[in-house]
1. In square angstrom, rounded to the nearest 10, how much accessible surface does residue 15 have for a 1.4 Å probe?
2. From largest accessible area down, sort 220, 91; use a 1.4 Å probe on the protein chains.
3. Under 1.5 on a/c is rounded, so check that first for region 107-259, then, if it is not, pick prolate when a/b is larger than b/c and oblate when it is not; a ≥ b ≥ c are the square roots of the alpha carbon gyration tensor eigenvalues.
4. When the Cα centres of region 126-205 and region 1-41 are compared, how far apart do they sit, in Å?
5. From the Cα gyration tensor of the chain, with a ≥ b ≥ c the square roots of its eigenvalues, which class applies: rounded if a/c is under 1.5, or else prolate if a/b is larger than b/c, or else oblate?
6. Expressed as a rounded percentage, what relative contact order does the chain have, with Cα pairs under 8 Å and six or more residues apart?
7. From the residues 124, 220, 61, which one has its Cα farthest along the dipole of the chain in the positive direction, the dipole being from +1 and -1 charges on Cβ of Lys/Arg and Asp/Glu about the Cα centre?
8. With each run of n ≥ 4 DSSP H residues scored as -39500 (n - 2.57), what mean residue ellipticity at 222 nm is computed for the chain after dividing by its residue count and rounding to the nearest 500 deg cm²/dmol?
Amino acid sequence: MTVVLKVGGSVLTRKSEPETVDEAALGTVAEAVAGALAGDSPAAPAAPAVGDLVLVHGGGSFGHHHADRHGVTRTAGLHDASAITAIHAAMTDLNATVVDALQGAGVPALPVAPFAAATRGADGTLALATAPVETMLEEDFVPVLHGDVVAHAGEGATILSGDELVVALARALGADRVGLCSGVPGVLDEDGDVVDQVGSFDAVAGALGGSDATDVTGGMAGKVRTLLDLEAPANVFGLEALGAFLAGGNPGTSIRRDR
Ligand code: IPE
């Protein structure tokens, strides 16, 4: 059982205030992960144990304001070494805070900086070395990766989103389940209600802003498209449902391509 869980930057940070952690939300995440790994939740076959869980977190007010200031995106790169370093440093600061909170709650969390483990080819494809993560799992640690910058052929460096890391990890590790804990309780329909299940993009294209909506904004349309391409079933849910997901449940929206 391998579970890849991303906690969005909008959950962990206050997006309107640069480099501000939402301490209460971080505490809730740390307690939920600790509780699940300690077996507080009713035993369920889909619940992860230590050695099964990989965490990823986003940038929120740590990554995005630096990225905006320097005009760097996932496709438009930057050659300014000090700016690239500043973005990376903001993200490793946030990662250290997240790892510290997890360890404080009793989770054997370890920091993993994707900048040194990833490259992006000229065509935009990501290559991520996952051997360190695999060995950490074998040794019963909880690797904690983060959105970052990545060296990009022909572009200098671009932004590497946490969502991309989730996909790369899920594929490389053959994940059984994927979770995205986000600032909304799931994929919302036109009335603002959570859609229980998504099996094709067309079914929710209207609510998500049309079939040519892309991932450049990091919006829900891009997440749904990407998650539909995974073998593993995925759930998108809010912080209030993190415990339920880690206990093996299917909160929020379940995303799996119709087959
Ligand atoms: C962003 O990661 C990383 C940087 C801007 C450096 P994400 O795109 O995964 O962050 P959130 O979850 O949307 O905040």
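1. 120
2. Working: 220 40, 91 5 Å².
The ordering from most to least exposed comes out as 220, 91.
3. Working: a/c = 2.04, a/b = 1.27, b/c = 1.60.
Judged from the Cα gyration tensor, region 107-259 comes out oblate (a/c at least 1.5, b/c at or above a/b).
4. 15
5. Rounded.
6. With pairs under 8 Å counted, the relative contact order is 24 percent.
7. It is 124, whose Cα lies furthest towards the positive end.
8. Values: 9 runs with 96 residues, N = 259.
One gets -11000 deg cm²/dmol as the mean residue ellipticity at 222 nm.
The values are calculated or read from the model by the stated rules, or taken from the named source; none is laboratory data. Remember, predicted model here, so these are calculated numbers, not experimental data. Note that each Cβ is placed from the backbone with ideal geometry, even for glycine, and that neighbours are counted across all protein chains shown. Side chains are part of the model used for accessible areas, which takes the heavy atoms of the whole protein and leaves out ligands, DNA and RNA. Shrake-Rupley method; radii C 1.70, N 1.55, O 1.52, S 1.80 Å.
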